[in-house]
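The values are calculated or read from the model by the stated rules, or taken from the named source; none is laboratory data. Everything quoted here is computed from the prediction, not taken from an experiment. Here the Cβ positions follow ideal geometry from the backbone for every residue, glycine too, while neighbour counts run over all protein chains shown. When the accessible area is computed, the model is the full protein with side chains, heavy atoms only, and any ligands, DNA or RNA have been set aside. Shrake-Rupley method; radii C 1.70, N 1.55, O 1.52, S 1.80 Å.
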Amino acid sequence: MRKRTAVLVDAEWFRKMLKLAFSSPPFAPAPAVTAESFYRNACTALDAEEELVRFLCYDCEPFGDHQRNPVGQSWVRFGRGHPTYEERMRFFREIGALPSVALRRGVVVGRKWEIKEAVTDRLLAAPHATVTLAADDIRFGLEQKGVDMRSGMDFATLSLKQLVDRIILISGDTDMVPAMKLARREGIQVCLVQVGSRGRLAPSLIEHADLVRTITPQP
């Protein structure tokens, strides 16, 4: 009998891993991660003995507000019409139409303006130099909210109600360890996915998985 299987995907992490795997040579610009390539590559983690019951995708609504850059005093609009906003909304429409997919959306909240990492490194390299920041040297920080909670709740529901035999987790977030431990206590097998050969999984994730599979993404 085939094992009833749910695939749980941390979309932001998986996108980063796919872009890293797609870039050739390393760190070269990578092809865009479409909903089709996202779904297709995630499903390669399934094997022949597994029946896909639900594909759960955890992502965040794009930031839709606008903010004034404190250096240049110009307005930065993040919402409708911004390429990142439109790309993410298109992804939502397309991924939600694919077989067995349930989309779980958290929210993104604004934090504050931050100096970009490359600029910080430059300042630290010359601590006594006179520096004038340009508008492009800073960015508006964003933070995801609610993604871990939603994935943890689904892990618990699938496990406690015995809705599946196996959960395939595509995530590098060590906050998932308690949910993985709960699933295993309830007799559910947890399969962790290594994406490509670059980004390595944390030892604590591997420790609390029953299986670890490696997928080789294709654009």
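A few points about this structure:
- Some residue of the stretch 107-114 being without any contact (Cβ under 8 Å) to a residue 24 or more places away in the chain and open to solvent by less than 70 Å² (accessible area, probe 1.4 Å): no
- Arg200 open to solvent by 50 Å² or more (accessible area, probe 1.4 Å) and assigned to a loop (DSSP other than H, G, I, E, B): yes
- Listed by first and then second residue, the pairs linking a residue in the stretch 191-219 that is over 18 Å from Ala21 (Cα atoms) to a residue that is open to solvent by 20 Å² or more (accessible area, probe 1.4 Å) and in a strand (DSSP E or B), with Cβ atoms under 8 Å apart and 6 or more places separating them unless they lie on different chains, are Cys191/Leu211; Cys191/Val212; Cys191/Arg213; Ile206/Val212; Asp210/Gln189; Leu211/Gln189.
- The stretch 29-66: number of residues that are among the β-branched types (Val, Ile, Thr) and touching a strand residue (DSSP E or B) at 6+ places or on another chain (Cβ under 8 Å): 2
- Subset of the stretch 166-176 that is in a strand (DSSP E or B) and in contact with a helix residue (DSSP H, G or I) (Cβ under 8 Å, 6 or more places away or on another chain) - its residue that is nearest to Thr5 (Cα to Cα): Ile167
- Looking only at residues in the stretch 27-61 that are open to solvent by 80 Å² or more (accessible area, probe 1.4 Å), farther than 22 Å from Leu158 by Cβ and part of a loop (DSSP other than H, G, I, E, B), the one that is modelled with the highest pLDDT is Pro29.
- Residue that is most open to solvent (accessible area, probe 1.4 Å), among those in the stretch 177-197 that are within 16 Å of Asp165 (Cβ to Cβ) and in a helix (DSSP H, G or I): Arg185
Conditions (1) small (Gly, Ala, Ser); (2) open to solvent by less than 60 Å² (accessible area, probe 1.4 Å); (3) within 28 Å of Leu201 (Cα to Cα), marked per residue:
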| site | (1), (2), (3) |
| --- | --- |
| Val9 | no, yes, yes |
| Lys16 | no, no, yes |
| Trp75 | no, no, no |
| Glu94 | no, no, no |
| Ser100 | yes, yes, yes |
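- Reported count of residues in the stretch 122-161, each being open to solvent by 90 Å² or more (accessible area, probe 1.4 Å), more than 22 Å from Asp65 (Cα to Cα) and either of a type in the set (D, E, K, R) or part of a helix (DSSP H, G or I) (or both), is 6.
- In the stretch 78-94, the residues that are modelled with pLDDT under 90 and touching a helix residue (DSSP H, G or I) at 6+ places or on another chain (Cβ under 9 Å): Phe78, Gly79, Arg80
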